[in-house]
Amino acid sequence: MTTATLPGTLSLGLSRGATELREFFRQKENLIFTVSLPALLMLLLGTVYVKEPAAAQMFAASMIGAGIISTSFVGLGMSVVADREDGTLKRLRGTPMPFTSYFIGKIILVFVSSLVEAVLLMVVAVLRFDVELPSTAGKWLTFGWVFALGVISCSLIGVALSSIAKSTRSAAGVLNLPYIVLQFLSGVFIMQMALPESLRTVGSFFPLKWVCQGFRSVFALNDDYAVMEAAGSWELGKIALVLGAWTIVGLVLVSRTFKWSNTSR
Amino acid sequence: MNAIRVRGLQKAYKGHQAVAGVDLDIARGEVFAVLGPNGAGKTTSVEILEGHRDRDAGEVSVLGTDPAKAGREWRAKLGIVLQSATDAANLTVREAVHHYAKYYADPRDPEEVIDLVGLTEKAKSRGGTLSGGQRRRLDVALGIIGRPELMFLDEPTTGFDPEARRQFWNLIKRLAAEGTTILLTTHYLDEAEALADRVAVLAGGRVVAEGTPQTLGGRAHADAAVRWLSDRGYQEIRTSEPTKTIAELSRHGELAELTVTRPSLEDVYLELIA
């Protein structure tokens, strides 16, 4: 009989995070598709569409927003489906590791991969399109909380949706479809002003629009550009509210729907 | 107290009764094999015992705890060797074993475990590059790293070449000798005969026979076949007293190619599941 106590949830979570990162960055497809694709898209689309500095600022902000949704919503959702498919989750279920530690590991993975992705995008934006980075501490603060809330809320929704997918192949569709559609409805590729009222309303129910709007408020050359938003202002309070609400919805969904394997129950 | 006690276990999937009233008692330190054809309910039963699956009815106690209500401390006492996992493909053997060791209060030394399963030369290889047999040995390593009191092995040697199977059996015997209770499911009768103290045969979701490999299905008391070669060709007599039969026969002189055989475990098994 052992009398020693089991390791703590947080320290196991950190250890999971280190292992997750190690596995993630050893897979070339992750580096190419998840981390580099938004920067590549920025390079391509920006070269075609961006004609003036103000537009470059706005486009870079929106692409950073879309990029972190790609690493959190799509990337994390896919990684949970893969864990279910290859037996990682089943194995972990048979060990004394708490579910919370697994989740802490995933959050670490998603924060680091999102950060790498965002930095890469900013490097491209600065070098190729002469984008100016935010200059005040206040703007970086906004950047920080929009980034954190966006990553957390979209991670949770991605994990919740991953329960629907039976395999990594079907997960790619389940997760990419809403992501691609929302990019068009949320002001990433098309300015929200140019969208019909109905589509704009649909987009405003989902996190992507608010994340992108938050980043645009940070990267805009001055606050006059807020008139180009759907509401004519940055609506920072509302951004926090919507993303916070999605975080709670995501937590509830994950705790209710999470499956350890494709065949359990 | 028994390591495992099961009474009236039932589980149905969409109207199909996969497990239809299974009773099992497995003592501590015992190596117990569950035999049965595909679809007999082996994996479902074992997954319920592991806490991976809910049950519809019945009483289950594993190490004194109901798996459906068990927590971390209970899981720390189990070692589960998965059947077809391909996880940790991008971790080296060493990284994976060291990582899983962190989950337990009193794990074995990871380097010793790698050595014990015979993966020392592959310690720096990634999980995804291992052969089938090496991969299963990594699964065993991850299953024993926490010093389990009870191990579950679900068809552990499927797809092994004969040499790998023998090595694997030796490893299991070693763990059993250390006092680990082992529950294994298998298709291979020679495996059950080589490893198990007792076996149960599952068919149609029920236990149809239980006993030691030597006595299963009345094997020890079954009639023996005495066979020899005479000038009229091969002769065979089925008898419950082969010694006496041979004594009578041999009075007339030497019996060519004399053999006495009883039903093999395979003969008994095939009759049981028919």
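Nothing in this text is a laboratory measurement; each read-out follows from the coordinates by a stated rule. All of these numbers come straight from a predicted model, not from anything done at the bench. Methodologically, a virtual Cβ is constructed for each residue, glycine included, from the backbone with ideal geometry; neighbour enumeration extends over all protein chains shown.
Check B:Glu155: other-chain or 5+ apart residues with amide H under 5 Å from its amide H, H built from backbone geometry?
The answer is B:Thr185, B:Thr186.
If you build a Gaussian network model of chain A, linking Cα atoms that sit under 10 Å apart, which residue out of A:Thr47, A:Thr34, A:Thr71 swings the most?
Most flexible of the set in this elastic network: A:Thr47.
Which residue fluctuates most in the GNM of chain A (Cα springs below 10 Å): A:Pro178, A:Pro38, A:Pro207?
Among A:Pro178, A:Pro38, A:Pro207, the largest mean-square fluctuation in the Gaussian network model of chain A belongs to A:Pro178.
What list of ³J(HN,Hα) couplings, whole Hz, do you get for region B:3-18 from phi and the Karplus terms 6.51, -1.76, 1.60, once you set θ to phi - 60° and write x for glycine and proline?
In residue order, the calculated couplings are 5, 9, 9, 10, 9, x, 5, 9, 7, 10, 10, 6, x, 8, 7, 6 Hz.
Can you bin the protein assembly as shown into rounded, prolate or oblate? Criterion: square roots of the alpha carbon gyration tensor eigenvalues sorted a ≥ b ≥ c, rounded for a/c under 1.5, prolate for a/b above b/c, oblate for the rest.
Verdict is prolate for the protein assembly as shown.
Please list the non-local residues whose amide H lies under 5 Å from the amide H of B:Arg147, H modeled 1.01 Å from N, same-chain partners needing a gap of 5 or more.
B:Arg108
Using a Gaussian network for chain B with springs between C-alpha atoms less than 10 Å apart, which of these wobbles most: B:Thr180, B:Thr120, B:Thr239?
The residue that fluctuates most here is B:Thr239.
Return A:Tyr225, A:Tyr49 ranked ascending by Cβ neighbour count within 10 Å, so the fewest neighbours appear first.
A:Tyr49, A:Tyr225
Starting from the Cα of B:Lys124, draw a straight line to each of the aspartates and glutamates and keep only those under 19 Å, dropping any in the same chain fewer than 8 residues away.
Counting by Cα, and skipping residues close in sequence, B:Lys124 has these aspartates and glutamates nearby: A:Glu20, A:Glu23, B:Asp87, B:Glu95, B:Asp109, B:Glu111, B:Glu112, B:Asp115, B:Asp139.
What dipole magnitude, in Debye to the nearest 20, does the protein assembly as shown give about its Cα centre under +1 on Lys/Arg Cβ and -1 on Asp/Glu Cβ?
860 debye
Mind listing the phi-derived Karplus ³J(HN,Hα) values for region A:246-256, rounded to whole Hz, using 6.51, -1.76 and 1.60 with θ = phi - 60°, and x for any glycine or proline?
5, 4, 5, 4, x, 4, 5, 4, 5, 5, 8
Would you kindly derive the ³J(HN,Hα) couplings of region B:86-91 from the backbone phi angles with the Karplus curve 6.51 cos²θ - 1.76 cosθ + 1.60 (θ = phi - 60°), listing them in order in whole Hz, with x for Gly and Pro?
Couplings: 10, 6, 6, 4, 9, 10 Hz.
Any idea how many Lys pairs in region A:9-255 come in under 17 angstrom at the alpha carbon, given 8 or more places apart or on separate chains?
Counting lysine pairs in region A:9-255 gives 4.
Using only helices, what value at 222 nm comes out for chain B when you add -39,500 (n - 2.57) per DSSP H run of length 4 or more and divide by the total residues, to the nearest 500 deg cm²/dmol?
Only helices count here, giving -8500 deg cm²/dmol.
Which residues' amide hydrogens lie under 5 Å from the amide hydrogen of B:Ile80, considering only partners 5 or more residues apart or on another chain, with H built in the peptide plane?
B:Phe152
Rounded to whole Å, give me the distance from the Cα center of region B:222-243 to that of region A:64-82.
73 Å
With a 10 Å Cβ neighbour count serving as the proxy for reagent exposure, in which order, fewest first, do B:Ile246, A:Ile32 appear?
If I rank by nearby Cβ atoms, fewest first, I get A:Ile32, B:Ile246.
Among A:Gly144, A:Phe111, A:Ile190, which residue has its Cα furthest toward the positive end of the charge dipole of region A:102-227, with +1 on Lys/Arg Cβ and -1 on Asp/Glu Cβ?
It is A:Phe111, whose Cα lies furthest towards the positive end.
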